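Reading through the structure tokens given below for one structure.
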Amino acid sequence: MAEAIKLASKGLYSSHPNPRVGCVIVKQNRMVSSGWHEYAGGPHAETNALIEREGETGGDVYITLEPCSHHGRTPPCVDALIEHKPDRVIVAMQDPNPLVAGNGVQKLKDANIEVIVGILENEARQLNCGFVKRFDRKKPFVRMKMATSLDGRTALKNGYSQWISGESSRRDVQFLRARSSAILTSAATVIADDPQLDVRISKEDLGQTCEVRQPVRVVIDSRLILTGKEKIFKQGDPVWIYTVSDELPKHRKILAAGADVIVIDSSPEGRVDLGLLLKDLATREINEVHTECGQTLAGALLEQKLVDELVIYMAPVLLGSQARGAFDIGELTEMNSRISCKIQQLRQTGDDLRLTLIPEYS
């Protein structure tokens, strides 16, 4: 199963919106074939593994996710498995998709095939954290990236921020972007920095044969202050603008730039409701959201307990108390109001420290 999970990770950057899945077939204590799912519409992991066997039957089949039992972009994998007549099928985790959700396992059992579920389940769930959350909680997994100084600053007082982190960290961010379904930012950040927010590494860098998939750029622009002339509109890839404004002239300039305008209910403050935005993204098959934003949106996402993971690149520099902070969460007057985080990983990227943190909300 560990080998199957390793294979599944090859689809980390390309399988969206499908889950990352790997499959290994073992016979007489020897791995005889394997496969993984690379891109939506392409053959699933089980199909790729069975093709390698050229009609042979039997053996134990290890799959990181319950085989599908419905017709989607491809035929049901469970039917192909049954035809293969395996001795056993070992599954890491049940598919959270209600179209499958136990049906694949049941069809195997109905065909008198022994099924074992739950081997390395945690590892399989982590690999598909966004896919699982989209079905279990109707929201995508939110990963927030920040580059800060040692004293927790993200930009000078005048807003200048290029570059706090080093070249190695900026390259590492490309891999975070590549694995995401969408990159989320605010109109304020787009106006201040005019970013492209695209993936700028090659398919060879990502270890895949299919072309690099560009995540959807999602911009929160409550009052539609963007002009449509910013760099983010010039890439030719999907851009979704979330707003509370129903002013048609403002809609037209964004539509003319090739972006979609999505009107959503407002929060009590008159801004885009972040919880509703994430729920809407889930209905659009967005599994993982990568955020690159300023302290206002970052603070709001944390205050509303919407961030699942924080990735902070901490550069060995000091910017001083007048520089801009990372998270605007208001003034805290009691220590029990703080947002604690669990350190999941700590490593070095170039001269910077890369901290992966899990917020622990009370």
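A few points about this structure:
- Among the residues of region 82-102, those identified as small (Gly, Ala, Ser) and at pLDDT below 95 are Ala101, Gly102.
- For region 298-349, filtering for residues that are on the phi > 0 side of the Ramachandran plot and surrounded by fewer than 11 Cβ atoms within 10 Å (Cβ to Cβ) leaves 2.
- Of all residues in region 216-257 being in a helix (DSSP H, G or I) and over 26 Å from Ala298 (Cβ atoms), the one that is nearest to the chain's Cα centre (by Cα): Leu255
Let's see how each residue does on (1) surrounded by 16 or more Cβ atoms within 10 Å (Cβ to Cβ); (2) in contact with a His (Cβ under 7 Å, 6 or more places away or on another chain); (3) under 15 Å from Val311 (Cβ atoms); (4) of a type outside the set (S, T, N, Q):
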position	(1), (2), (3), (4)
Met146	yes, no, yes, yes
Arg153	yes, no, no, yes
Ser165	yes, no, yes, no
Ser168	no, no, yes, no
Ala178	yes, no, yes, yes
Asp205	no, no, no, yes
Arg213	yes, yes, no, yes
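- Scan of region 194-234 for residues that are over 26 Å from Lys279 (Cα atoms) and of a type in the set (S, T, N, Q), ordered by number: Ser202, Gln208, Thr209, Thr227
- Hey, Gly275 at pLDDT 95 or above, surrounded by fewer than 20 Cβ atoms within 10 Å (Cβ to Cβ) and among the small types (Gly, Ala, Ser) or not: yes
- All strands (runs of 3 or more DSSP E) inside region 141-196 with 1 or more residues being touching a residue at least 40 places away in the same chain (Cβ under 8 Å) and farther than 21 Å from Leu226 by Cβ: 141-148, 153-155
- Any pair with Cβ under 7 angstrom, 6 or more apart, that starts in region 344-362 at a residue that is under 23 Å from Leu302 (Cα atoms) and ends at one that is in a loop (DSSP other than H, G, I, E, B) and charged (D, E, K, R): Tyr361/Lys305
- Identity of the residue in region 74-127, in a helix (DSSP H, G or I) and of a type in the set (Asp, Glu), that ends up nearest to the chain's Cα centre (by Cα): Glu123
- Residue that is modelled with the lowest pLDDT [pool: residues in region 36-73 that are crowded, with 16+ Cβ neighbours inside 10 Å and among the β-branched types (Val, Ile, Thr)]: Thr47
- Glu269 in a loop (DSSP other than H, G, I, E, B), in the same structural domain as Asp151 (by TED's automatic domain parsing) and without any contact (Cβ under 8 Å) to a residue 60 or more places away in the chain: yes
The values are calculated or read from the model by the stated rules, or taken from the named source; none is laboratory data. For clarity, every value in this text was computed on a predicted model and none was experimentally measured. Glycine gets a Cβ as well: all are built from the backbone with ideal geometry, and neighbour counts include every protein chain shown.
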